[in-house]
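The values are calculated or read from the model by the stated rules, or taken from the named source; none is laboratory data. Remember, predicted model here, so these are calculated numbers, not experimental data. Here Cβ is always computed from backbone atoms with ideal geometry, including for glycine, and neighbour counts include all displayed protein chains. Protein only, heavy atoms only, side chains kept; ligands, DNA and RNA dropped before computing areas. Shrake-Rupley method; radii C 1.70, N 1.55, O 1.52, S 1.80 Å.
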Amino acid sequence: MTEIILDREISMYEPKHFLETSLPVLHALIEAHPLGTWVTHADGQLAANHIPFMLDRSRGEFGTLVAHVARANDVWSARGESLVVFQGSDAYISPSWYASKQEAGKVVPTWNYAVVHAHGRVRVIEDAAWLLRHLADMSARHEAARELRWKLSDAPSDFIERLLPAIVGIEIPITRLTGKWKVSQNRSQADREGVVAGLRAQADHESNAMATLVARHRTS
């Protein structure tokens with residue numbers, strides 16, 4: 001399994017036991033949660049835009065992010081390194097779920113989450129053929145699970161062609177990729193079992209997803 005060698009420039013607080021370095025795991029989170037928070041810096045200010053990305057795993061050491069934005073959104077003109085944050089499952093963790101609460105009571109609430117930070121510099125693409133392929137690929141990706149699938153070709157071609165000048169394609173070759181899986185690895189096995197049971201009892205999608213992550217990750 002490929003693993004990422006991290007340098008010293010880490011953009012978030014990452015205790016060793018929460019660090020995730022498996023490239024397939026990081027890629028899987030991006031693909032499961034493709035709406036990224038794209039943070040750029042221009043004119044002395046930070047800007048954040050929420051953009052759905054596709055991931056091309058085959059290009060570059062860590063892959064390449066692909067998307068499009070409205071031409072009116074000047075984020076595409078950003079220069080320098082930018083950051084895209086992909087947020088996975090998250091859940092509030094009640095201390096009442098810990099077995100250790102019954103022993104000494106020295107426990108407090110926390111929040112579990114899984115997140116990926118992707119760094120890179122944007123490349124702007126204004127080629128109409130590229131944009132058409134990208135729109136078709138993105139539609140196919142997100143329509144795949146539907147019984148009635150919409151395709152780009154369902155819309156009149158002249159209608160789509162008139163819309164193309166209003167968007168700009170972007171690619172971000174990933175130069176650095178970091179992951180943080182804060183899923184109760186720092187708790188005892190008994191506490192972790194209590195967290196899983198507490199989350200499962202809530203019976204909602206996010207809680208069940210976090211319970212699965214906690215169960216998969218052993219205590220450090």
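Assorted remarks:
- Looking across segment 69-102, the residues that are of a type outside the set (A, V, I, L, M, F, W, C), touching a helix residue (DSSP H, G or I) at 6+ places or on another chain (Cβ under 6 Å) and not in a loop (DSSP other than H, G, I, E, B) come down to Gly88, Ser89, Pro95, Ser100, Lys101.
- Residue ID - farthest from Ala209 (Cα to Cα), chosen from residues in segment 85-102 that are open to solvent by 40 Å² or more (accessible area, probe 1.4 Å) and in contact with a Leu (Cβ under 9 Å, 6 or more places away or on another chain): Trp97
- Qualifying residue in segment 151-167 (condition: in a strand (DSSP E or B) and either in contact (Cβ under 8 Å) with a residue 24 or more places away in the chain or open to solvent by less than 30 Å² (accessible area, probe 1.4 Å) (or both)): yes
- The set of residues from segment 26-52 being among the aliphatic types (A, V, I, L, M), within 9 Å of the chain's Cα centre (by Cα), part of a strand (DSSP E or B) and crowded, with 16+ Cβ neighbours inside 10 Å is empty.
- Top-ranked residue of segment 1-18 - restricted to ones that are at pLDDT 50 or above and either touching a Gly at 6+ places or on another chain (Cβ under 7 Å) or in a loop (DSSP other than H, G, I, E, B) (or both), ranked as farthest from Lys182 (Cα to Cα): Ser11
- Filtered residue count, segment 103-127, keeping only those that are small (Gly, Ala, Ser) and loosely packed, with under 13 Cβ neighbours inside 10 Å: 2
- Candidates in segment 192-210 are the residues that are under 13 Å from Tyr92 (Cβ atoms) and touching a Lys or Arg at 6+ places or on another chain (Cβ under 9 Å); of these, the one that is surrounded by the most Cβ atoms within 10 Å (Cβ to Cβ) is Val195.
- Here Glu147 fulfils each of the conditions (1) in contact with a His (Cβ under 6 Å, 6 or more places away or on another chain); (2) within 24 Å of Ala32 (Cβ to Cβ) apart from (1).
- Whenever a residue of segment 168-191 is under 26 Å from Glu81 (Cα atoms) and open to solvent by 10 Å² or more (accessible area, probe 1.4 Å), its partners that are in a loop (DSSP other than H, G, I, E, B) and of a type in the set (Asp, Glu), lying with C-beta atoms within less than 7 angstrom and at least six residues away or across chains, give the pairs Lys180/Glu14.
- Filtering segment 70-92 to residues that are within 30 Å of Trp111 (Cα to Cα) and either of a type in the set (Gly, Ala, Ser) or without any contact (Cβ under 8 Å) to a residue 12 or more places away in the chain (or both) leaves Ser82, Gly88, Ser89, Ala91.
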